[in-house]
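Structure, as C-alpha coordinates:
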Amino acid sequence: MIVESNVPLQPYNSFGIVARAQHLLRIADEADLVALHADAQWRDASRFVLGGGSNIVITGDVKQLVLKVEIKGLRLVEETERAWIVEAGAGEVWHDAVEWMVRNGYPGLENLALIPGTVGGSPVQNIGAYGVELQDRFESLDAYDLETGRSFTLDAAQCAFGYRDSVFKHVRSGPNDFGLAGRAVITRVRFRLPKPWKAVVGYLDLERKMEESGNFTPSAQDVFDWICAIRRAKLPDWRVLGNAGSFFKNPTVTPEQCADIIARDPKIVHYPMDDGSIKLAAGWLIDACGWKGKSVGNAGVYERQALVLVNRGGNENPVTGGEVMTLAKAIQTSVYERFGIRLEPEPVVV
Ligand code: EPU
(Lines give C-alpha, C1' and ligand atoms only; values in the text may rest on other atoms or scores of the structure.)
Protein backbone atom coordinates (compact mmCIF):
# COMPACT_ATOMS: atom_id res chain seq x y z
CA MET A 1 0.00 0.00 0.00
CA ILE A 2 1.56 3.30 -1.08
CA VAL A 3 0.23 6.43 0.61
CA GLU A 4 1.45 9.47 -1.33
CA SER A 5 2.23 12.71 0.53
CA ASN A 6 1.64 16.34 -0.38
CA VAL A 7 -0.27 15.61 -3.58
CA PRO A 8 -1.53 18.61 -5.65
CA LEU A 9 -5.32 18.45 -5.97
CA GLN A 10 -5.72 21.09 -8.69
CA PRO A 11 -5.94 18.47 -11.48
CA TYR A 12 -8.48 16.51 -9.44
CA ASN A 13 -11.17 19.13 -8.89
CA SER A 14 -13.25 20.67 -11.65
CA PHE A 15 -13.09 24.20 -10.18
CA GLY A 16 -9.29 24.01 -10.59
CA ILE A 17 -8.76 25.20 -6.99
CA VAL A 18 -5.17 24.90 -5.79
CA ALA A 19 -4.80 22.73 -2.69
CA ARG A 20 -2.86 19.69 -1.56
CA ALA A 21 -3.80 16.39 -0.03
CA GLN A 22 -1.48 15.75 2.89
CA HIS A 23 -1.97 12.04 2.19
CA LEU A 24 -3.56 10.32 -0.79
CA LEU A 25 -4.18 6.67 -1.56
CA ARG A 26 -5.19 5.49 -5.03
CA ILE A 27 -7.80 2.75 -5.09
CA ALA A 28 -7.37 0.67 -8.27
CA ASP A 29 -9.37 -2.30 -7.04
CA GLU A 30 -11.02 -3.70 -3.95
CA ALA A 31 -7.75 -5.25 -2.75
CA ASP A 32 -6.48 -1.72 -2.05
CA LEU A 33 -9.42 -1.19 0.33
CA VAL A 34 -8.78 -4.52 2.03
CA ALA A 35 -5.13 -3.49 2.50
CA LEU A 36 -6.20 -0.14 3.92
CA HIS A 37 -8.49 -1.84 6.41
CA ALA A 38 -5.64 -4.13 7.49
CA ASP A 39 -3.14 -1.28 7.90
CA ALA A 40 -2.61 -0.36 11.55
CA GLN A 41 -1.36 3.15 10.75
CA TRP A 42 -4.12 4.20 8.33
CA ARG A 43 -7.23 2.15 9.03
CA ASP A 44 -8.70 4.59 11.57
CA ALA A 45 -7.61 7.79 9.83
CA SER A 46 -10.47 10.10 8.86
CA ARG A 47 -11.05 9.85 5.12
CA PHE A 48 -12.35 11.76 2.16
CA VAL A 49 -13.49 9.79 -0.89
CA LEU A 50 -12.63 11.58 -4.13
CA GLY A 51 -14.24 10.63 -7.43
CA GLY A 52 -14.09 13.01 -10.37
CA GLY A 53 -13.86 16.05 -8.06
CA SER A 54 -16.69 17.65 -10.03
CA ASN A 55 -18.92 18.40 -7.08
CA ILE A 56 -16.55 19.74 -4.44
CA VAL A 57 -15.22 23.07 -3.21
CA ILE A 58 -11.82 22.70 -1.55
CA THR A 59 -11.24 25.42 1.03
CA GLY A 60 -7.70 24.51 2.11
CA ASP A 61 -5.19 21.66 2.18
CA VAL A 62 -6.99 18.42 2.92
CA LYS A 63 -5.82 16.82 6.15
CA GLN A 64 -7.98 13.72 5.84
CA LEU A 65 -6.62 10.70 3.98
CA VAL A 66 -7.88 11.22 0.41
CA LEU A 67 -9.04 8.01 -1.25
CA LYS A 68 -8.88 8.51 -5.00
CA VAL A 69 -11.12 5.91 -6.60
CA GLU A 70 -9.68 4.65 -9.91
CA ILE A 71 -11.54 1.33 -10.29
CA LYS A 72 -12.13 0.61 -14.00
CA GLY A 73 -14.25 -1.77 -16.06
CA LEU A 74 -17.36 -1.70 -18.24
CA ARG A 75 -19.36 -4.82 -19.11
CA LEU A 76 -22.79 -6.17 -19.84
CA VAL A 77 -23.52 -8.51 -16.93
CA GLU A 78 -27.00 -9.67 -17.90
CA GLU A 79 -29.54 -9.35 -20.65
CA THR A 80 -33.18 -10.31 -20.14
CA GLU A 81 -36.30 -9.69 -22.18
CA ARG A 82 -36.96 -6.60 -20.11
CA ALA A 83 -33.55 -4.99 -19.61
CA TRP A 84 -29.83 -4.82 -20.12
CA ILE A 85 -27.84 -4.77 -16.87
CA VAL A 86 -24.51 -3.01 -17.34
CA GLU A 87 -21.81 -2.78 -14.67
CA ALA A 88 -19.22 0.00 -14.47
CA GLY A 89 -16.21 0.51 -12.22
CA ALA A 90 -16.60 3.49 -9.88
CA GLY A 91 -13.51 5.19 -11.33
CA GLU A 92 -14.78 5.25 -14.92
CA VAL A 93 -15.44 8.74 -16.29
CA TRP A 94 -19.25 9.11 -16.28
CA HIS A 95 -19.60 10.57 -19.77
CA ASP A 96 -17.29 7.95 -21.31
CA ALA A 97 -19.33 5.18 -19.66
CA VAL A 98 -22.59 6.64 -21.04
CA GLU A 99 -21.04 6.94 -24.51
CA TRP A 100 -19.76 3.34 -24.35
CA MET A 101 -23.25 2.09 -23.47
CA VAL A 102 -24.97 4.03 -26.26
CA ARG A 103 -22.36 2.94 -28.84
CA ASN A 104 -22.56 -0.71 -27.80
CA GLY A 105 -26.35 -0.89 -27.97
CA TYR A 106 -27.26 -0.52 -24.27
CA PRO A 107 -29.19 2.76 -24.34
CA GLY A 108 -31.00 4.48 -21.47
CA LEU A 109 -28.53 6.92 -19.93
CA GLU A 110 -28.13 9.24 -22.95
CA ASN A 111 -30.05 12.08 -21.23
CA LEU A 112 -27.27 12.14 -18.64
CA ALA A 113 -24.47 12.60 -21.19
CA LEU A 114 -21.70 15.12 -20.45
CA ILE A 115 -22.37 15.31 -16.72
CA PRO A 116 -18.89 15.71 -15.24
CA GLY A 117 -17.57 13.27 -12.66
CA THR A 118 -17.15 9.54 -12.28
CA VAL A 119 -19.48 6.54 -12.18
CA GLY A 120 -18.93 6.22 -8.41
CA GLY A 121 -20.17 9.77 -7.82
CA SER A 122 -23.38 9.24 -9.79
CA PRO A 123 -25.38 7.47 -7.05
CA VAL A 124 -23.95 9.69 -4.27
CA GLN A 125 -25.57 12.68 -5.94
CA ASN A 126 -28.39 10.80 -7.68
CA ILE A 127 -27.42 12.84 -10.73
CA GLY A 128 -30.20 13.99 -13.00
CA ALA A 129 -30.82 16.01 -16.14
CA TYR A 130 -33.34 16.39 -18.97
CA GLY A 131 -36.05 14.23 -17.47
CA VAL A 132 -33.93 11.29 -16.24
CA GLU A 133 -32.48 10.70 -12.79
CA LEU A 134 -29.92 8.06 -11.97
CA GLN A 135 -32.42 6.27 -9.71
CA ASP A 136 -34.63 5.61 -12.78
CA ARG A 137 -31.86 3.47 -14.31
CA PHE A 138 -30.24 2.06 -11.19
CA GLU A 139 -29.98 -1.66 -10.44
CA SER A 140 -27.51 -1.98 -7.53
CA LEU A 141 -24.03 -1.07 -6.37
CA ASP A 142 -21.12 -2.69 -4.58
CA ALA A 143 -19.32 -0.84 -1.83
CA TYR A 144 -16.70 -1.53 0.80
CA ASP A 145 -17.26 -0.64 4.44
CA LEU A 146 -13.97 0.65 5.85
CA GLU A 147 -15.20 0.29 9.42
CA THR A 148 -16.12 -3.39 9.26
CA GLY A 149 -13.84 -4.42 6.37
CA ARG A 150 -16.78 -5.98 4.52
CA SER A 151 -18.08 -5.62 0.98
CA PHE A 152 -21.79 -5.17 0.55
CA THR A 153 -24.39 -4.60 -2.15
CA LEU A 154 -27.21 -2.05 -2.02
CA ASP A 155 -30.36 -1.83 -4.13
CA ALA A 156 -32.12 1.44 -4.95
CA ALA A 157 -34.30 1.47 -1.81
CA GLN A 158 -31.24 0.95 0.39
CA CYS A 159 -29.47 3.87 -1.28
CA ALA A 160 -32.35 6.13 -0.10
CA PHE A 161 -32.20 8.26 -3.22
CA GLY A 162 -33.65 11.77 -3.06
CA TYR A 163 -33.24 14.89 -5.18
CA ARG A 164 -29.41 15.13 -5.51
CA ASP A 165 -29.23 13.02 -2.36
CA SER A 166 -28.52 9.49 -1.10
CA VAL A 167 -27.33 7.61 1.97
CA PHE A 168 -23.74 8.36 0.85
CA LYS A 169 -24.18 12.08 1.53
CA HIS A 170 -25.09 11.59 5.18
CA VAL A 171 -22.88 10.94 8.17
CA ARG A 172 -24.15 8.33 10.58
CA SER A 173 -25.24 10.11 13.73
CA GLY A 174 -26.98 7.39 15.77
CA PRO A 175 -27.64 3.64 15.97
CA ASN A 176 -30.80 3.85 13.83
CA ASP A 177 -29.20 6.04 11.25
CA PHE A 178 -27.70 4.48 8.12
CA GLY A 179 -25.51 7.35 6.83
CA LEU A 180 -22.48 6.07 4.90
CA ALA A 181 -20.49 9.27 4.20
CA GLY A 182 -16.78 8.84 4.98
CA ARG A 183 -17.34 5.20 5.77
CA ALA A 184 -18.23 3.37 2.57
CA VAL A 185 -16.43 3.44 -0.75
CA ILE A 186 -18.51 2.63 -3.83
CA THR A 187 -16.58 0.21 -6.02
CA ARG A 188 -19.00 -0.77 -8.83
CA VAL A 189 -22.40 0.39 -10.04
CA ARG A 190 -24.93 -1.62 -12.07
CA PHE A 191 -27.50 0.07 -14.29
CA ARG A 192 -30.84 -1.38 -15.38
CA LEU A 193 -31.56 -0.16 -18.90
CA PRO A 194 -35.17 -1.07 -19.76
CA LYS A 195 -36.22 -2.79 -22.99
CA PRO A 196 -37.65 -1.79 -25.32
CA TRP A 197 -35.74 1.48 -25.23
CA LYS A 198 -37.90 4.60 -25.36
CA ALA A 199 -36.58 8.12 -25.92
CA VAL A 200 -37.20 10.56 -23.05
CA VAL A 201 -37.80 13.80 -24.94
CA GLY A 202 -40.43 15.64 -22.90
CA TYR A 203 -38.00 18.36 -21.83
CA LEU A 204 -38.49 21.67 -23.64
CA ASP A 205 -34.91 21.85 -24.99
CA LEU A 206 -35.29 18.37 -26.52
CA GLU A 207 -38.67 19.18 -28.04
CA ARG A 208 -36.98 22.12 -29.71
CA LYS A 209 -34.27 19.82 -31.14
CA MET A 210 -36.97 17.57 -32.62
CA GLU A 211 -38.73 20.53 -34.23
CA GLU A 212 -35.49 21.98 -35.60
CA SER A 213 -34.28 18.71 -37.09
CA GLY A 214 -37.69 17.37 -38.13
CA ASN A 215 -36.61 14.10 -36.48
CA PHE A 216 -39.49 13.00 -34.23
CA THR A 217 -38.30 9.40 -33.79
CA PRO A 218 -34.74 9.93 -32.55
CA SER A 219 -32.36 7.06 -31.82
CA ALA A 220 -30.46 6.91 -28.52
CA GLN A 221 -27.42 8.24 -30.40
CA ASP A 222 -29.50 11.21 -31.66
CA VAL A 223 -30.65 12.02 -28.10
CA PHE A 224 -27.07 11.64 -26.87
CA ASP A 225 -25.83 14.10 -29.54
CA TRP A 226 -28.63 16.58 -28.78
CA ILE A 227 -27.94 16.50 -25.04
CA CYS A 228 -24.24 17.15 -25.70
CA ALA A 229 -25.13 20.11 -27.94
CA ILE A 230 -27.65 21.54 -25.43
CA ARG A 231 -25.21 21.27 -22.54
CA ARG A 232 -22.31 22.72 -24.53
CA ALA A 233 -24.44 25.74 -25.47
CA LYS A 234 -25.60 26.42 -21.93
CA LEU A 235 -23.03 25.10 -19.47
CA PRO A 236 -19.31 25.86 -19.32
CA ASP A 237 -16.82 23.04 -19.98
CA TRP A 238 -14.89 22.74 -16.71
CA ARG A 239 -11.68 22.01 -18.63
CA VAL A 240 -11.94 25.50 -20.13
CA LEU A 241 -13.73 27.39 -17.34
CA GLY A 242 -13.58 25.67 -13.94
CA ASN A 243 -16.93 25.01 -12.25
CA ALA A 244 -18.87 22.41 -10.25
CA GLY A 245 -22.11 22.30 -12.26
CA SER A 246 -25.22 23.68 -10.58
CA PHE A 247 -24.03 25.28 -7.36
CA PHE A 248 -27.40 25.26 -5.57
CA LYS A 249 -30.27 22.82 -5.46
CA ASN A 250 -33.60 23.91 -6.89
CA PRO A 251 -35.64 24.75 -3.75
CA THR A 252 -39.16 23.52 -3.07
CA VAL A 253 -41.85 25.65 -1.45
CA THR A 254 -45.50 25.24 -0.44
CA PRO A 255 -48.23 26.39 -2.90
CA GLU A 256 -48.99 29.24 -0.46
CA GLN A 257 -45.37 30.45 -0.47
CA CYS A 258 -45.30 30.20 -4.25
CA ALA A 259 -48.56 32.17 -4.63
CA ASP A 260 -47.09 34.84 -2.39
CA ILE A 261 -43.97 35.12 -4.61
CA ILE A 262 -46.02 35.08 -7.85
CA ALA A 263 -48.03 38.02 -6.50
CA ARG A 264 -44.80 40.00 -6.33
CA ASP A 265 -42.87 38.37 -9.23
CA PRO A 266 -45.35 36.98 -11.77
CA LYS A 267 -42.58 35.67 -14.03
CA ILE A 268 -41.04 33.26 -11.52
CA VAL A 269 -40.23 29.83 -13.04
CA HIS A 270 -42.00 27.11 -11.03
CA TYR A 271 -42.89 23.46 -11.50
CA PRO A 272 -45.60 21.59 -9.53
CA MET A 273 -44.30 18.34 -7.98
CA ASP A 274 -46.14 15.04 -7.49
CA ASP A 275 -46.23 15.54 -3.70
CA GLY A 276 -48.08 18.88 -3.99
CA SER A 277 -45.02 21.05 -3.35
CA ILE A 278 -43.68 23.51 -5.94
CA LYS A 279 -40.11 23.45 -7.23
CA LEU A 280 -38.54 26.79 -8.11
CA ALA A 281 -35.66 27.33 -10.55
CA ALA A 282 -32.73 28.50 -8.40
CA GLY A 283 -31.05 29.85 -11.56
CA TRP A 284 -34.03 32.13 -12.15
CA LEU A 285 -34.01 33.39 -8.52
CA ILE A 286 -30.29 34.21 -8.71
CA ASP A 287 -30.70 35.80 -12.12
CA ALA A 288 -33.62 37.91 -10.84
CA CYS A 289 -31.33 39.24 -8.09
CA GLY A 290 -28.99 40.51 -10.79
CA TRP A 291 -26.10 38.12 -10.22
CA LYS A 292 -25.51 36.87 -13.77
CA GLY A 293 -22.00 37.76 -14.91
CA LYS A 294 -20.99 39.24 -11.52
CA SER A 295 -17.79 38.29 -9.65
CA VAL A 296 -16.28 38.32 -6.18
CA GLY A 297 -12.52 38.08 -6.55
CA ASN A 298 -11.94 35.26 -9.03
CA ALA A 299 -15.28 33.60 -8.33
CA GLY A 300 -17.93 34.47 -10.90
CA VAL A 301 -21.54 33.78 -11.84
CA TYR A 302 -21.67 32.27 -15.32
CA GLU A 303 -23.19 34.58 -17.94
CA ARG A 304 -25.44 31.96 -19.53
CA GLN A 305 -26.67 30.09 -16.41
CA ALA A 306 -26.77 31.89 -13.08
CA LEU A 307 -26.83 28.59 -11.18
CA VAL A 308 -23.23 27.85 -12.18
CA LEU A 309 -20.34 29.49 -10.32
CA VAL A 310 -17.07 29.61 -12.25
CA ASN A 311 -13.33 30.07 -11.76
CA ARG A 312 -12.44 33.31 -13.53
CA GLY A 313 -8.71 33.08 -12.77
CA GLY A 314 -7.99 29.97 -14.87
CA ASN A 315 -5.03 27.79 -13.96
CA GLU A 316 -2.66 30.73 -13.58
CA ASN A 317 -4.46 32.66 -10.88
CA PRO A 318 -7.18 30.23 -9.80
CA VAL A 319 -10.14 30.99 -7.61
CA THR A 320 -9.83 29.92 -3.97
CA GLY A 321 -12.43 27.89 -2.13
CA GLY A 322 -12.86 30.89 0.18
CA GLU A 323 -13.77 33.15 -2.75
CA VAL A 324 -16.29 30.62 -4.05
CA MET A 325 -17.93 30.37 -0.62
CA THR A 326 -17.95 34.16 -0.15
CA LEU A 327 -19.76 34.56 -3.47
CA ALA A 328 -22.13 31.69 -2.61
CA LYS A 329 -23.00 33.31 0.74
CA ALA A 330 -23.61 36.72 -0.89
CA ILE A 331 -25.98 35.05 -3.39
CA GLN A 332 -27.77 33.18 -0.60
CA THR A 333 -28.24 36.42 1.35
CA SER A 334 -29.67 38.38 -1.56
CA VAL A 335 -32.04 35.56 -2.61
CA TYR A 336 -33.19 35.28 1.01
CA GLU A 337 -33.73 39.01 1.36
CA ARG A 338 -35.73 39.26 -1.84
CA PHE A 339 -37.69 35.96 -1.85
CA GLY A 340 -37.42 34.59 1.71
CA ILE A 341 -35.89 31.38 0.33
CA ARG A 342 -32.73 29.74 1.62
CA LEU A 343 -30.71 28.22 -1.22
CA GLU A 344 -28.84 25.05 -0.31
CA PRO A 345 -25.45 24.43 -1.96
CA GLU A 346 -25.13 21.24 -4.00
CA PRO A 347 -21.36 20.60 -3.84
CA VAL A 348 -19.57 19.16 -0.86
CA VAL A 349 -17.36 21.72 0.89
CA VAL A 350 -14.05 20.17 1.95
N1 EPU B 1 -33.12 30.35 -15.62
C2 EPU B 1 -33.05 31.73 -15.66
N3 EPU B 1 -31.81 32.31 -15.51
C4 EPU B 1 -30.68 31.59 -15.33
C5 EPU B 1 -30.77 30.17 -15.27
C6 EPU B 1 -32.02 29.56 -15.42
O7 EPU B 1 -34.04 32.42 -15.83
O8 EPU B 1 -29.61 32.18 -15.21
C9 EPU B 1 -34.41 29.71 -15.83
C10 EPU B 1 -34.44 29.01 -17.19
O11 EPU B 1 -34.83 29.87 -18.22
C12 EPU B 1 -35.42 27.90 -16.98
C13 EPU B 1 -35.25 27.55 -15.51
O14 EPU B 1 -34.61 28.66 -14.90
O15 EPU B 1 -36.73 28.34 -17.20
C16 EPU B 1 -34.49 26.25 -15.27
O17 EPU B 1 -33.21 26.32 -15.90
P18 EPU B 1 -32.53 25.03 -16.59
O19 EPU B 1 -33.49 24.39 -17.53
O20 EPU B 1 -31.20 25.44 -17.10
O21 EPU B 1 -32.38 23.97 -15.43
P22 EPU B 1 -31.90 24.11 -13.91
O23 EPU B 1 -33.07 23.84 -13.04
O24 EPU B 1 -31.17 25.38 -13.70
C25 EPU B 1 -31.36 21.56 -13.60
C26 EPU B 1 -30.25 20.79 -12.97
C27 EPU B 1 -29.08 20.64 -13.93
C28 EPU B 1 -29.57 19.94 -15.19
C29 EPU B 1 -30.72 20.78 -15.79
C30 EPU B 1 -31.34 20.12 -16.99
C31 EPU B 1 -30.36 21.20 -10.57
C32 EPU B 1 -29.78 21.95 -9.42
N33 EPU B 1 -29.80 21.47 -11.75
O34 EPU B 1 -30.87 22.89 -13.81
O35 EPU B 1 -28.12 19.80 -13.31
O36 EPU B 1 -28.53 19.81 -16.14
O37 EPU B 1 -31.77 20.95 -14.82
O38 EPU B 1 -32.11 19.02 -16.61
O39 EPU B 1 -31.28 20.42 -10.38
C40 EPU B 1 -26.22 19.90 -11.89
O41 EPU B 1 -26.93 19.40 -11.02
O42 EPU B 1 -24.99 20.15 -11.71
C43 EPU B 1 -26.81 20.22 -13.17
C44 EPU B 1 -26.15 20.87 -14.12
Between E303 and E256, what is the spin-label point distance in nm, taking each point 7 Å from the Cα along the Cα→C-beta axis? 4.4
If each part is reduced to its alpha-carbon centroid, the range 233-250 and the range 55-109 end up apart, in Å, by 20
Where does the charge balance sit around I262 when Lys and Arg score +1, Asp and Glu -1, over other residues with C-beta under 15 Å from its C-beta? +1
Averaged per residue, what accessible surface does the chain expose to a 1.4 Å probe, in Å²? 47
Using a 1.4 Å probe and ignoring any ligands, DNA or RNA, find the accessible area of W197 and quote it in Å² to the nearest 10. 70
Quarter of the surface of the C-alpha convex hull for the range 3-69, i.e. direction-averaged projected area in nm², equals 4.2
Which of the lysines could a cross-linker span from K209 if the Cα-Cα distance has to be under 17 Å and same-chain partners fewer than 8 positions apart are dropped? K198, K234
So what are the chain's ellipsoid semi-axes, whole angstrom, largest first, if each one is the square root of 5 times an eigenvalue of the alpha-carbon gyration tensor? 31, 27, 20
In vacuo Debye scattering of the range 224-350, one point per C-alpha: log10 I(q)/I(0) at q = 0.12, 0.13, 0.21, 0.23 Å⁻¹? -0.48, -0.56, -1.21, -1.34
Quick one: Cα centre-to-centre distance for the range 285-328 and the range 115-158, in angstrom? 29
How much accessible surface does L307 have with a 1.4 Å probe, in Å² rounded to 10? 10
Using only alpha-carbon positions, what ratio does the radius of gyration of the range 112-243 give when scaled by 2.2 N^0.38 Å? 1.25
Extension gain (nm, one decimal) between V200 and Q10, 0.36 nm per residue minus Cα-Cα: 64.8 nm
Rounded to the nearest 10 Å², the accessible area of H170 using a 1.4 Å probe with every protein chain kept is 90
Determine the sum of side-chain charges near V98: Lys and Arg each +1, Asp and Glu each -1, restricted to other residues whose C-beta is under 11 angstrom from that of V98. -2
How much of the DSSP bridge set in the chain is antiparallel, in percent, rounded to the nearest 5? 80
Mean residue ellipticity at 222 nm from the helices of the chain, using -39,500 (n - 2.57) per DSSP H segment of n ≥ 4 over the full residue count, to the nearest 500 deg cm²/dmol? -7500 deg cm²/dmol
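The values are calculated or read from the model by the stated rules, or taken from the named source; none is laboratory data. Fair warning: this is a prediction, and the values are worked out from it, not measured in the lab. FYI the Cβ positions are ideal-geometry reconstructions off the backbone, even for glycines, and counts take in every protein chain you see. Just the protein is used for accessible areas: all its heavy atoms, side chains included, with ligands, DNA and RNA removed. Shrake-Rupley method; radii C 1.70, N 1.55, O 1.52, S 1.80 Å.
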